[in-house]
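Contents: one structure, followed by commentary.
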């Protein structure tokens, strides 16, 4: 049974990152969710194998988060944070800061991962200008990187279809590191692959080409998710940190996917033991209950920008109407308390070996040419059909949904990132379903 009539006309909603004509010819509509499961408009339960969109880390419909939002909206529905404030904004910032690496305790709130990336890039430029090096304007991204859909994010991003339509208007002073994905050396790696640390040395080549004095920042995802789950080679992130430090270049980790327990720690920075200068985050910051993102900046960066401004003047001309929206902040406080109270980051670390074993059980399954994983993230790469890249993974995605399991697909890669509350039986069910489905896929 459905709680409301299913709308017949789907034409008004222009759907994001969707083949609109294909979807509307055979829609997949979700009506409610609780715990590990969605419920469709035709009454079917669907096991959530990807935490919605990498974001519902505490599981769906958590009563504590719902109650916090409800109470906040009935008390204070909106308050500006331009020259004003409200207590929850500062409480939420303090709680986020407590989870960040030492020294990254100045929090700038946004409304999404895309906004967080553009904010971090602007902070990097402002920092260098504030310290008298305003010529440092070049930004370095990475091939196959995803950093949202703002013009800054797609400029430093490295996914060709995301850039192609807008290529004439991207930021000009941008270069890209090579990606680290190499099946010849790293196929079926469990955790970090052994090959590829040397690819970080390409940053030295870029520095030589442009000169360090022109480069503001390097931005990478510690674990690339949207491009198909690319795990960093052993020692790779450490090398990037060393090179950036050597040349006075800021290092930005885009942790929109990895922050808040996805790899078994509060951040991927903590997991890998590499501290950047800026961290972008969103999604699981408040369990995706209300749109919210943030940037964690080092105290050095914050203080340099703030102290360079004239007394009584705005130090950083940047922000959003909904920065630290009261309802979003209430959801963040409730979510971060829930993570700590239930030990969900530690739970993710405990479940990771079981998740790895289940994912790699697909080695040898029909069409599978690679499996890779870290924490509660896995990617299963399929052989592409001749002349139809992505079609095989799309068929598998649809058939998994019809079989009661929600997965993600990008190109011909199936991606998995379940809520951190997942149990061993549910892990086994997800990957058994995928194996059964792949046996039927052409």
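The values are calculated or read from the model by the stated rules, or taken from the named source; none is laboratory data. As the structure is a computational prediction, the values presented were derived from the model and not from experiment. Using ideal geometry, Cβ is built from the backbone for each residue, glycine included, and neighbour counts are taken over all protein chains shown.
Confirm whether residue 191 is buried (at least 18 other Cβ atoms within 10 Å of the Cβ), assigned by TED's automatic domain parsing to the domain that holds residue 133 and at positive phi. It is false that residue 191 is buried (at least 18 other Cβ atoms within 10 Å of the Cβ), assigned by TED's automatic domain parsing to the domain that holds residue 133 and at positive phi. Against the list (1) out of contact with any helix residue (DSSP H, G or I) (no Cβ under 8 Å at 6 or more places or on another chain); (2) crowded, with 24+ Cβ neighbours inside 10 Å; (3) at negative phi, the condition residue 270 fails is (2). The set of residues from the stretch 280-317 being over 21 Å from residue 111 (Cα atoms) and assigned to a helix (DSSP H, G or I) comprises 299, 300, 301, 303, 304, 305, 306, 307, 308. Assessment of the stretch 15-22 against the conditions (at pLDDT 95 or above and either in contact with a helix residue (DSSP H, G or I) (Cβ under 7 Å, 6 or more places away or on another chain) or surrounded by 15 or more Cβ atoms within 10 Å (Cβ to Cβ) (or both)) yields at least one matching residue. Of everything listed in (1) in contact with a helix residue (DSSP H, G or I) (Cβ under 7 Å, 6 or more places away or on another chain); (2) at pLDDT 95 or above, the single unmet condition for residue 162 is (2). Of the listed requirements (1) surrounded by fewer than 24 Cβ atoms within 10 Å (Cβ to Cβ); (2) under 25 Å from residue 113 (Cβ atoms); (3) in contact with a helix residue (DSSP H, G or I) (Cβ under 7 Å, 6 or more places away or on another chain), residue 197 misses just one: (2). When 406, 316, 338 are checked against the criterion of being under 30 Å from residue 272 (Cβ atoms) and not assigned by TED's automatic domain parsing to the domain that holds residue 185, a single residue qualifies: 406.
Considering every residue within the stretch 210-222, establish whether at least one is under 29 Å from residue 415 (Cα atoms), out of contact with any strand residue (DSSP E or B) (no Cβ under 9 Å at 6 or more places or on another chain) and surrounded by fewer than 15 Cβ atoms within 10 Å (Cβ to Cβ). Looking through the stretch 210-222, none of the residues is under 29 Å from residue 415 (Cα atoms), out of contact with any strand residue (DSSP E or B) (no Cβ under 9 Å at 6 or more places or on another chain) and surrounded by fewer than 15 Cβ atoms within 10 Å (Cβ to Cβ). With the structure loaded, tell me whether residue 243 is in a loop (DSSP other than H, G, I, E, B), surrounded by fewer than 24 Cβ atoms within 10 Å (Cβ to Cβ) and in contact with a helix residue (DSSP H, G or I) (Cβ under 6 Å, 6 or more places away or on another chain) or whether it fails that test. Taking the combined requirement at face value, the residue does not satisfy it.
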